[in-house]
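Each remark here refers to the structure printed beneath this line.
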Amino acid sequence: MDLTRSDFPPGFLFGTATSAYQIEGHAAGGAGPCHWDSFAATPGNVAGAADGRIACDHYHRFDEDLDLVAAGGFDLYRFSTSWARVMPDGETVNEDGLDFYDRLVDAILARDLRPALTLYHWELPSALADRGGWANRETAERFAGFAALMGSRLGDRVWSWATINEPWCVSWLSHFDGHHAPGLRDIRATARAMHHVSLAHGLGLAALRAHGAGNLGVVLNFEPARPESDRAEDIAAADRHDATYNRFFVQAMTRGSYPETALDGLERHLPDRWQADMATIAAPLDWLGVNYYTIRRITAAAGPWPAWRTAPPRGQVTDMGWEIAPEALTAVLTWLAREYTGTLPLLITENGMAAPDALRGGAVRDDDRTAYICAHLNAVREAIAGGVPLSGYVVWSLLDNYEWAFGYFKRFGLVHVGFESLQRTPKASYHALASMLKGHAP
Ligand code: PNW
């Protein structure tokens with residue numbers, strides 16, 4: 001890593017991220033069942049039918065994990081709070097769950113780290129999932145209750161709040177592609193989930209503000225579409241992808257409208273009087289989180305709207321099969337600031353790569369990951385040089401963890417986790433970043 005802190009503006013923050021279900025161990029501490037437990041239990045949904053019951057056992061080992069964040073020289077720690085842990089049925093409070101996040105936030109602050117909290121990173125309580133989940137408006141209304149509870153309990157200490165992690169994954173990936181819980185392939189449920197998760201964000205934002213929380217945002221994921229050819233059909237298909245993936249939520253949350261190209265296919269499936277919610281959804285933000293991993297190549301396909309298909313990646317890919325395209329990160333950030341966010345601070349809330357398990361003799365040589373991070377940090381520097389107001393960069397992830405539909409087979413961590421021993425081993429990428437952050441030669 002031939003970068004130093006001085007290559008970034010003063011006060012630029014570096015962090016590392018995790019999420020609750022992926023690391024905590026959902027079986028501990030009185031959490032209620034969530035839709036990932038049941039999704040994982042259905043054969044064919046998750047590699048090895050693995051679930052998050054134990055995961056990294058962070059619930060019992062968070063001090064050790066936070067020591068690693070601090071020793072790495074990071075400034076902030078991004079984590080999430082499990083709705084099903086705090087409210088096992090979506091409404092009733094589990095005091096042990098609240099107490100856990102109380103202790104966690106205090107432990108983050110005790111290490112001079114900024115707590116960057118995401119309320120919802122996908123643990124929908126099963127009681128709500130059973131009543132229709134995100135396709136049901138009730139879920140958005142209940143989410144406001146969860147946000148109010150967390151805001152009043154932790155608003156005095158949390159540095160930044162995000163309502164929802166990746167509304168596109170919550171809705172499209174889960175209800176149209178069927179890859180995540182609840183595993184539907186239904187355009188009507190998709191449209192409704194897209195709207196209700198946007199509404200949950202707006203209602204959650206208002207509830208947080210009303211209960212004393214500040215520095216409020218949301219975390220959106222972006223995957224720029226590249227048309228496979230310059231044929232008009234491929235260009236139009238890529239634009240449909242772009243409208244549903246990259247423009248839908250940011251346009252709703254900053255301008256209070258959905259892109260026309262998306263409405264072409266979705267409007268007739270949206271809930272009645274959806275327009276009346278748009279002002280709530282577009283409540284002012286204090287910052288926007290950007291998750292970026294890859295681009296997607298798109299070609300037109302036969303069949304009903306949206307009539308596209310994903311074409312194979314080109315060049316270098318990660319262990320997820322995701323094409324490595326750092327230049328697209330500069331482009332996304334520049335486009336966002338120009339089209340939607342202006343002077344609103346942007347924070348890269350996730351970026352990183354999966355690489356195969358390579359623990360040898362107590363060490364992990366993950367030079368590909370270091371190179372990936374370095375290339376993306378250089379892309380970030382370019383965006384900053386072009387005037388994009390960027391406040392920081394957060395690596396996904398601190399730990400190898402439960403990678404959703406891929407179970408424990410994909411490893412994104414700066415720190416290796418042995419899923420039998422639960423032993424933590426910092427990888428070479430962790431040491432490279434630590435040297436950069438602490439300002440000495442690697
Ligand atoms: C993000 N896609 O998920 C999540 O925020 C993390 O929890 C996750 O571990 C990380 O990225 C790595 O996957 C995504 O299929 C999952 O486009 C899938 C997609 C995008 C983001």
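The values are calculated or read from the model by the stated rules, or taken from the named source; none is laboratory data. Since this is a predicted model, take the numbers as computed values, not measurements. Methodologically, a virtual Cβ is constructed for each residue, glycine included, from the backbone with ideal geometry; neighbour enumeration extends over all protein chains shown. To get the accessible areas, we keep the full protein, side chains included, count just its heavy atoms, and leave off ligands, DNA and RNA. Shrake-Rupley method; radii C 1.70, N 1.55, O 1.52, S 1.80 Å.
Lys/Arg Cβ at +1, Asp/Glu Cβ at -1, dipole of the chain taken about the Cα centre: which of MET436, SER6, THR118 is farthest positive-ward?
SER6
Would you work out the relative contact order for the chain, in percent, from Cα pairs under 8 angstrom that are 6 or more residues apart?
It comes to 18 percent, rounded to a whole number.
What is the percent carbon and sulfur in the accessible area of the stretch 291-442, measuring with a 1.4 Å probe over the protein chains and ignoring ligands?
Values: 3310 of 6030 Å².
Accessible surface attributable to carbon and sulfur in the stretch 291-442 totals 55 percent.
Using r as the Cβ-Cβ distance of ARG157 and ASP177, and R0 as 45 Å, what FRET efficiency do you calculate, to the nearest 0.05?
Here the calculated transfer efficiency is 0.75.
Probe of 1.4 angstrom, ligands and nucleic acids ignored: what's the accessible area per residue over the chain, in square angstrom?
Here the residues of the chain average 36 Å² of exposed surface.
Among LEU124, LEU346, LEU359, determine the one that fluctuates most according to a GNM of the chain built with springs between C-alpha atoms less than 10 Å apart.
Its mean-square fluctuation being the largest, the pick is LEU359.
Taking the Cα centre as origin and putting +1 on Lys and Arg beta-carbons and -1 on Asp and Glu beta-carbons, what dipole magnitude results for the chain, to the nearest 20 debye?
Around 460 debye, computed over the chain.
Given axes a ≥ b ≥ c from the Cα gyration tensor, I'd like to know whether the stretch 259-328 is rounded (a/c under 1.5), prolate (a/b larger than b/c) or oblate.
Oblate shape, in that a/c is at least 1.5 and b/c is the bigger or equal ratio.
Net charge near GLU91, counting Lys/Arg +1 and Asp/Glu -1 over other residues with Cβ under 13 Å of its Cβ?
Local charge sum for GLU91: -1.
About the Cα centre, and with charges only on the beta carbon of Lys, Arg (+1) and Asp, Glu (-1), how big is the dipole of the stretch 1-150? Nearest 20 debye, please.
So the magnitude is around 340 debye.
Around TYR101, what is the net charge, scoring Lys/Arg as +1 and Asp/Glu as -1 over all other residues with Cβ under 12 Å from its Cβ?
-2
Can you give the local net charge around THR334? Use residues other than it whose beta-carbon is closer than 13 angstrom to its beta-carbon, Lys and Arg +1, Asp and Glu -1. Display every interim value, and only then the final one.
Values: positive: ARG338, ARG381; negative: GLU327, GLU339, GLU382.
Charge balance near THR334 sits at -1.
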